[in-house]
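Reviewing the structure listed below.
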Amino acid sequence: MKMKTLLMAAAASVAFTVPVTSEELEPCDNCADEMTIVSWGGAYSNSQIKAYSEPYSALTGVKIVNDESSNEAVAKLRAMNEAGNVTWDVVDVVASDAIRLCDEGLAEVIDPDSDLAAAPDGTPASEDFGDLLVSECFIPQIVYSTTFGYRSDVAEWNGKEPTDICAVFDLENFPGKRSLEKRPINNLEWALLCDGVAKDDVYNVLETEEGVAQALAKLATIKDQVVWWSAGAETPQLLADGEVVMGSTYNGRLFSVIEEQDQPVKMLWDAQVFDLDGWIIPTGLSEERLNRAKHYVKFATDTQRLADQAKYISYGPARQSSAPLVGKHAELGIEMGPHMPTDPANAKNTFLYNYEWWADNRDDLDAKFQAWLAQ
Amino acid sequence: MSSTNEDHVSNGTMPDDGIMRAADGTPLKQRLAKALRREKLRSFLLIAPLLLFILLTFVAPIADMLFRSVENNIVEDTIPRTVEALAQWDPEYDQLPDEAVFKALHDDLQIAVAERIHTRLGSRLNYESSGMSGLFRKTGRRIKRMDEGDYKAQFIAADKDWGDLETWRVIRRFSAPYTAGYFLSAADAERTSEGIELKPENERVYLMLFGRTLTMSIAITISCLLLGFPIAYLLAHLPLKTSNMLMILVLLPFWTSLLVRTSAWKVLLQQQGVINDFLVWIRLIDDANRLVMINNQTGTIIAMTHILLPFMILPLFSVMKTIAPYYVRAAKSLGANDWTAFWRVYFPQTVPGIGAGAILVFILSIGYYITPELVGGTSGIFISNRIAYHISSSLNWGLAAALGTILLALVMLLFYLYDKIVGIDNVKLG
């Protein structure tokens, strides 16, 4: 019996390619020994717990409480801040929410070079993350993309398969319903790209009234064929039910439909829009809790830890130095590299999302978009 | 007058002025009032803890939240000197504010940037004019590097929007500690340099959503009534054993999660769903023309009627239970046919139940947002979906509060009308 547990422990330690020993982790002075980490729940939280939290607890003995409130983190953080009782230590949010939280003074400012670990070859964190550091409060973790999946068994398509983004707007060759997200972000950009606007001009065009009208007019050509979604799980479900023939969602969701559930669905990586997800540390923490949060984040976003997470979910690590370390899926045993949005074969044509621009124009365009939807 | 005086004397200690008195001589009326007052005080003291609890945990937070719809201290608190200096500036005059204003802004922003509150002000002003949040973020980064003197040129160099009259007009317009801006936005209007006017047509949403929320809530209430009335009637007239069994079936939905019930409707109603499959199978509809029953208003009305039905059935049932059967029997023995007996005698007695059920269903449906969000598509969403968006995504709590206040006022108005037309004492829950 004892032998068996020993063997299992040995097998487990092999799975972690580079185990960190407690000597390598710098000690945390004056730190709290309990912390609450907030994330999105589901497979995503699991990948974080396996890759970051379990090793961290094992090394430091810190008790970690997991909360799954990321989708309402912005509002809750503001309410906590107003009440003067912030109960969260580290919060996982998408980049646009991080910008909003930073603007509202609800997230701590981070100095990447002193607060984050350098790459193994000594490259400072600010260079390793590069321009993914989109806000001074934001610590990038993964790159995900919003992209399209389509059913590979649609009879009406006569054997044709979509190869570029404009197939979404092509009802003649690719008839059937599509699902799009119920918000202006990404949809307006795709519409303009397929209406002859050059990639670099998209935001300049959207800046004008006519540009918004142009994008909405393009979307109007498929409006009665669109099912609008608000939760990331909807498109995979709609695709699996045959309710839509193609639809946009996060690439990790499509990965699980294709690889884990074995549905006749394929990826259309063309014009995928990269987006980022990462950590913020709330303002208003006591000194011990702040120290602990910073210590955790430094550990959880080092090169090896970010690469480890990709074993459990098909999102690309945000550090350049992590990419070569990405291995196989921990349970399915498939090579994860080709499923990453950042893989060269998938990233032939990508669209760069302009955070600053959306931070300024989101409310305005959202009102216009909602009014258009309701017409 | 004199005779009463004599009586007074002749009766000894007790004054006889026609007033009933207690043994100690105080008028009985006074004693009664005192006793009643004590009674009232005692009952007030008994409910005081609950009252205090409700005031503190329910009324106060809601009032505080609603107050945000007019509160606008942030501009004055963040850039006080600029607001003061800007008061001298005439927004109608086609010239930028003078150097003194720019200097005041520089001093204000220096403090604000150190405290990291300038971006918050940017977000606030961005609700009124897009681009403000970027302007303050960008200027905040540059402020430390600004030299003394000629601030105007330096600000315009930092961001050309500082040279735009409209930027200053917006700051000036929203520098007062209270604002009607949120309420105007909630009514699809805005205050421009030319006064209050409706927003351009392609930005109007809220009035339409208020209208839709009301009409669809009424539709849901009516369909709940049409479906619920026969069920309640059946429940009230079956033997106790069977009706208890059926009552459990009515209550069953309460024991399942709201999300599960809503998702179940998706499975049933979608185009590749159970109902469409069945209709195609029995050849009632063609495979190419499957019915669209979800992600539109139909979906919202069907799913919400199902969810709110028990709230109609329960008050109807408890009122019907109390209606004595001999009224209908008497009507029939006097020659009324079945319909007349039901319509003239039975139905009027169920009106209090209908009133209670209708109010419950209507008020619940007006504030619903999960179900419309999931099955409503674009044409079936309610005003509460926008309130939720502003609370949790855009963080524009002022606008959310204004929308909430308007919704509350609308409900109260309808309640008042109901009281005038039907009478609120005509409502009975059992």
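The values are calculated or read from the model by the stated rules, or taken from the named source; none is laboratory data. Quick caveat: nothing in here was measured; it's all calculated off a predicted structure. Cβ placement follows ideal geometry from the backbone for every residue including glycine, while neighbour counts extend to all protein chains displayed.
Quick look at the numbers
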read-out: Residues satisfying the stated conditions in the stretch A:77-98, i.e. within 9 Å of chain B (Cβ to nearest Cβ) and surrounded by 20 or more Cβ atoms within 10 Å (Cβ to Cβ); value: A:Asp97
read-out: From the options B:Leu268, B:Leu308, residue that is within 23 Å of the chain's Cα centre (by Cα) and in the same structural domain as B:Glu373 (by TED's automatic domain parsing); value: B:Leu308
read-out: The lone exception for A:Asp92 - which of (1) without any contact (Cβ under 8 Å) to a residue 60 or more places away in the chain; (2) within 20 Å of the chain's Cα centre (by Cα); (3) not in a helix (DSSP H, G or I) it fails; value: (1)
read-out: Given (1) within 19 Å of A:Pro124 (Cα to Cα); (2) assigned to a loop (DSSP other than H, G, I, E, B), index of the condition A:Gly284 fails; value: (1)
read-out: Selection from the stretch A:174-224 of residues that are under 17 Å from A:Pro162 (Cβ atoms) and loosely packed, with under 14 Cβ neighbours inside 10 Å; value: A:Pro175
read-out: Within the stretch A:336-361, tally of residues that are assigned to a helix (DSSP H, G or I), more than 19 Å from A:Val202 (Cα to Cα) and of a type in the set (Asp, Glu); value: 0
read-out: Single residue of A:Ala323, A:Ala359, A:Ala307, A:Ala371 found to be without any contact (Cβ under 8 Å) to a residue 40 or more places away in the chain and within 14 Å of chain B (Cβ to nearest Cβ); value: A:Ala371
read-out: Helices (runs of 4 or more DSSP H) enclosed by the stretch B:331-429 - at least 2 residues per element that are within 30 Å of A:Arg183 (Cβ to Cβ) and within 11 Å of chain A (Cβ to nearest Cβ); value: B:370-375, B:383-392, B:397-421
read-out: Scope the stretch A:318-335; condition more than 16 Å from the chain's Cα centre (by Cα), part of a loop (DSSP other than H, G, I, E, B) and crowded, with 16+ Cβ neighbours inside 10 Å; matching residues; value: A:Val326, A:His329, A:Ala330
read-out: The stretch B:79-132, residues that are part of a loop (DSSP other than H, G, I, E, B) and surrounded by 14 or more Cβ atoms within 10 Å (Cβ to Cβ); value: B:Ile79, B:Trp89, B:Pro91, B:Leu96, B:Pro97, B:Arg116, B:Ile117, B:Tyr127, B:Glu128, B:Ser129, B:Ser130, B:Gly131
read-out: Lone unmet requirement of (1) touching a Cys at 6+ places or on another chain (Cβ under 9 Å); (2) acidic (Asp, Glu); (3) free of Cβ contacts under 8 Å to residues at least 12 places away in the same chain for A:Asp201; value: (1)
read-out: All positions within the stretch B:378-390 that are buried (at least 20 other Cβ atoms within 10 Å of the Cβ) and modelled with pLDDT of 90 or more; value: B:Phe382, B:Ile383, B:Ser384, B:Asn385, B:Arg386, B:Ile387, B:His390
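The rows are residues; the columns are (1) touching an Asp or Glu at 6+ places or on another chain (Cβ under 8 Å); (2) within 14 Å of chain B (Cβ to nearest Cβ).
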position	(1), (2)
A:Glu161	no, no
A:Asp164	yes, no
A:Val168	no, no
A:Lys177	yes, yes
A:Lys182	no, yes
A:Leu188	no, yes
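Condition check ((1) free of Cβ contacts under 8 Å to residues at least 60 places away in the same chain; (2) surrounded by 16 or more Cβ atoms within 10 Å (Cβ to Cβ); (3) under 32 Å from the mean Cα position of the chain (by Cα); (4) more than 30 Å from B:Asn385 (Cα to Cα)) across all residues:
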{"position": "B:Lys160", "(1), (2), (3), (4)": "yes, no, no, yes"}
{"position": "B:Gly163", "(1), (2), (3), (4)": "no, no, no, yes"}
{"position": "B:Arg173", "(1), (2), (3), (4)": "no, yes, yes, no"}
{"position": "B:Thr179", "(1), (2), (3), (4)": "no, yes, yes, no"}
{"position": "B:Phe183", "(1), (2), (3), (4)": "no, yes, yes, no"}
{"position": "B:Ala186", "(1), (2), (3), (4)": "no, yes, yes, no"}
{"position": "B:Arg191", "(1), (2), (3), (4)": "yes, yes, yes, no"}
